[in-house]
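A short write-up of the structure that comes next.
The values are calculated or read from the model by the stated rules, or taken from the named source; none is laboratory data. From a predicted model like this one, the values you see are computed outputs, not experimental measurements. Note: ideal-geometry Cβ built from the backbone for every residue, glycine included; neighbour counts use all protein chains shown. Keep in mind that these areas ignore ligands, DNA and RNA; they rest on the heavy atoms of the full protein, side chains included. Shrake-Rupley method; radii C 1.70, N 1.55, O 1.52, S 1.80 Å.
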Amino acid sequence: EKLRKKFPGTPEHVANFMLFVAEEVRTILAALGYRSLDEIIGRGDLLRPRGNSDVRTNVPQPAVVSGMGTKQEPLGGPKRLAKTASVDLSAFYTDSPPEEADRADWVGVTRNAPAHANGPVLDDDILQQPEIRQLLEQNSGVIEKQLAICNTDRSVGGRIAGVIARKHGNYGFHGKLNLTFSGSTGQSFGVWNIQGVNLRVIGECNDYVGKGMCGGTIVVSPHSDSTFKAEENVIAGNTCLYGATGGEVYLSGRAGERFGVRNAGCHAVIEGAGDHLGEYMTNGIVVSLGRIGRNVGAGMSGGLIYVYDPEDQGLLMNELNAKNLFRVTSAAGEQQLRGLIESHQQQTGSVLASTILRDWSTAVGKFWQVAPVSEQSRAEVSSFADGESPAAATEQQQPAVVAAARRPPRSGSPGPESG
């Protein structure tokens, strides 16, 4: 209720806003000479680039007022912006309308078709296999399959998780479904992954890996004949583990930006990431064995992040968040960190993980631990001397981190305080 007082708006205000939007749409349609959106959907001939001499208005203007010559090239030339100067949109503008029969068919039939009417997807093929159907029915046993995958196979694993959850709930499946995919996955690989489902990719993944997962494991590693160093190359896209509540993820390579955003319970090991690692985390553990970008742990209220920093460069983060950084000094924290790295090495064969474990007594001192206030009483967080406050210990441990937080950002990027 205290939060509601900060927002004086009401549902009626939203409804009123939508009425104004509808009225504005009607005005624009009338100015164009049409009565409904159905009459203009697909009409590329009604589009034109905005000209430099156009009157700034939401209502379409007559050609005389707008300085319109042809639909391809307005008088005075098209409006140019620096960020779109190299983009050619001429293919969008035509002088002749589309075939009305084709347009009407799309508007009346295709657009209103049921959801997921894009034909069978990879999950359907997997679920139709007799041995897998038997596994799900009996709720016991182990099935292993190897399959090819490509980047048009999106949300692989989502329907499998849904079928299992309907039959057995989120945590009632006692079988083992081990699926190994070879290739490049589409977006949202392993979405909503569930207990008992173990997904492995030999190749690379797109954005949103493990989104909303609550159990099982996801392992991604490059092909065995790859000649590049895994820890220096990206193997998964942005925004992985969004809203995940459980399970484990091991990536033998770097991830994109916002890895672990809103992570609420998943344990993950990666070999580097872009900006905003662990953004808005509320639970779970993320271990990065490689370099990461700026703004670490922004808005993080729970969970732990471990970052390997062998060159002691510090972390780029907001100075207030820097107060929540520690070295790994407790036995419980060291045990937790080592256990995850060992699992990562076993699952992926990571060369980087093997190197760290080979000289563990030295390597453990080069890890940073991000622990928000809510986690600082955990045994895994730095152990404090008798009578010493967490704040005092933090000040002694992190001078390099605060200095790093004040370093200027990369060219063209906002400062570390943003986000």
**Request:** Would you mind calculating the gained length between ARG43 and ASP124 on full extension (0.36 nm times residue separation, minus the Cα-Cα distance), in nm to one decimal?
**Result:** 25.6 nm
**Asked** For the pair THR10 and SER377, how long in nm is the line joining their label points, each one 7 Å along Cα→Cβ?
**Response** 4.2 nm
**Request:** Give the calculated FRET efficiency between THR152 and SER86 to the nearest 0.05, with a Förster radius of 25 Å applied to their Cβ-Cβ distance.
**Result:** 0.35
**Request:** Show which lysines lie in cross-link reach of LYS83 when reach means a straight Cα distance below 24 angstrom and same-chain residues fewer than eight apart are skipped.
**Result:** LYS71
**Request:** Return the subset of LYS229/LYS366; LYS145/LYS211; LYS145/LYS167; LYS176/LYS229; LYS5/LYS323; LYS323/LYS366 for which the Cα-Cα distance in this structure is over 25 Å, preserving the input order.
**Result:** LYS176/LYS229; LYS5/LYS323
**Asked** By how many nm would the segment from LYS145 to LYS167 grow when fully extended, if each residue of separation counts as 0.36 nm and the alpha-carbon distance is taken off?
**Response** 5.8 nm
**Asked** Extension gain SER182-LYS229, at 0.36 nm per residue separation less the Cα-Cα distance, in nm?
**Response** 15.0 nm
**Asked** In terms of solvent-accessible area of protein heavy atoms at a 1.4 angstrom probe, what is the ranking of CYS150, CYS205, highest value first?
**Response** CYS150, CYS205
**Prompt:** Within the accessible area of segment 133-209, what % is carbon and sulfur when the probe is 1.4 Å and the other protein chains stay in place?
**Reply:** 44 percent
**Solvent-accessible area per residue for segment 179-240 (1.4 angstrom probe, square angstrom)** = 36 Å²
**Prompt:** What whole-number value in Å² describes the accessible area per residue of segment 257-388 for a 1.4 Å probe?
**Reply:** 38 Å²
